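Here the structure comes first, spelled out in structure tokens, and everything after it is commentary.
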Amino acid sequence: MIGVYDSGYGGLSVLRELRAALPTHDFVYLGDSGRAPYGGRDTDTVLDFAEQCVERLFEEDCRIVVVACHTVSCVALRHLQRRYAVDPDGPRRILGVTIPAAEAAVSVSLGHIGVIGTKRTITSSTFVMEVEKLGPHKVSGCAAPLLAPIVEEGWEGSDIARLAVQRYVDQFEEIDTLLLACTHYPLLLDAFLSAVGEGVRVLDPSSFVAERLVDWLKRHPGYTGPATGNLRILCTGDPSVFREHGHRFLGAPLPPVQHVAEEQGRLALRDRVQVIKGQVVR
């Protein structure tokens, strides 16, 4: 069983590529839509949320967890890998998207890579550090906090989306490759292609993440057992809303979505969403 974790809907665009590359594998996807977005949150909060989500996927019997969220991969991946390195019940691994994305950008760039993502992704400078390990490329970053909410609203084809993308892209100077370092941004691909200058390549790293996972599984047998291509979806927000909007990201109808919510520091399965009205006393 392979777990895929994202702060919301966006990671479904990564899941789409993973399932295309590994059609017979079983996947469990957890979207933390009830607490999204992560991009403006402080580091400790991101770490807390990431721990809860990864632990939920371990409870679902996932031996591999792919952190599809660029914010978590840039900020919390090393923490997660160290915290859950030892498991008395058998091997398990947590993999991220940052290194495959950096490798993909370096492989196609002529020397100047632009990275656009959430505030936490850009301020972490993780992409700068990973690219420095691979080559002498220059990296310029731009935080784009408006773009993910625009996509969440389903406005990716609107004039608002095109104008916002153009304003952010205009902040880059003389880049030859633009790396989309947020899983929401592939839905804005047309807007990015229209906004960048001639000769600038727009790179969605999702397919490269899938290629790297296929290669990793070949080199590390034993992390997944017999499978049938089954897919389960969990979310912390409203399951019906998640299923409706998730279709756009996955490119296919979602199976019934199960709800999980925080209870005493962990994410637990719930039969239904609890809607609380009025004042709350704890």
**Asked** Under the condition of being within 15 Å of P100 (Cβ to Cβ) and not β-branched (V, I, T), which residue from the range 130-144 is surrounded by the fewest Cβ atoms within 10 Å (Cβ to Cβ)?
**Response** K133
**Request:** Identify the residue in the range 205-229 that is in contact with a Pro (Cβ under 9 Å, 6 or more places away or on another chain) and at pLDDT below 85 and, among all such residues, is surrounded by the most Cβ atoms within 10 Å (Cβ to Cβ).
**Result:** Y223
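Which of the residues that make up the range 171-193 are aliphatic (A, V, I, L, M), over 15 Å from T98 (Cα atoms) and either in contact with a strand residue (DSSP E or B) (Cβ under 8 Å, 6 or more places away or on another chain) or in contact (Cβ under 8 Å) with a residue 40 or more places away in the chain (or both)? Spell out the reasoning first.
Keep residues of the range 171-193 that are aliphatic (A, V, I, L, M), which gives 175, 178-181, 187-189, 191, 193.
Retained after the next criterion (residues that are over 15 Å from T98 (Cα atoms)): 175, 187-189, 191, 193.
Result: I175, L187, L188, L189, L193.
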**Message:** Suppose we filter D176, D170 for residues that are acidic (D, E), modelled with pLDDT of 95 or more and exposed (fewer than 15 other Cβ atoms within 10 Å of the Cβ); which single one remains?
**Reply:** D170
**Asked** Quick one: what pairs do we get from the range 24-46, first residue over 21 Å from D238 (Cα atoms), second among the hydroxyl-bearing types (S, T, Y) and outside any strand (DSSP E or B), C-beta under 8 Å, 6+ apart or different chains?
**Response** T24/T228; H25/T224; D26/T224; D26/T228; G40/T118
**Item:** 1 or more residues over 12 Å from the mean Cα position of the chain (by Cα) and among the polar types (S, T, N, Q): qualifying helices (runs of 4 or more DSSP H) within the range 1-91
**Value:** 43-59, 77-83
**Message:** If the requirement is being within 15 Å of S33 (Cα to Cα), assigned by TED's automatic domain parsing to the domain that holds Y9 and acidic (D, E), which of these qualifies: E263, E244?
**Reply:** E244
**Item:** Every pair of residues 6+ apart whose Cβ atoms lie under 8 Å, when the first sits in the range 263-275 and is more than 12 Å from P239 (Cα to Cα) while the second is among the acidic types (D, E) and at pLDDT 80 or above
**Value:** R266/E55; L267/E55; A268/E262
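The values are calculated or read from the model by the stated rules, or taken from the named source; none is laboratory data. For clarity, every value in this text was computed on a predicted model and none was experimentally measured. Positions of Cβ are backbone-derived with ideal geometry, glycine not excepted, and every protein chain shown enters the neighbour counts.
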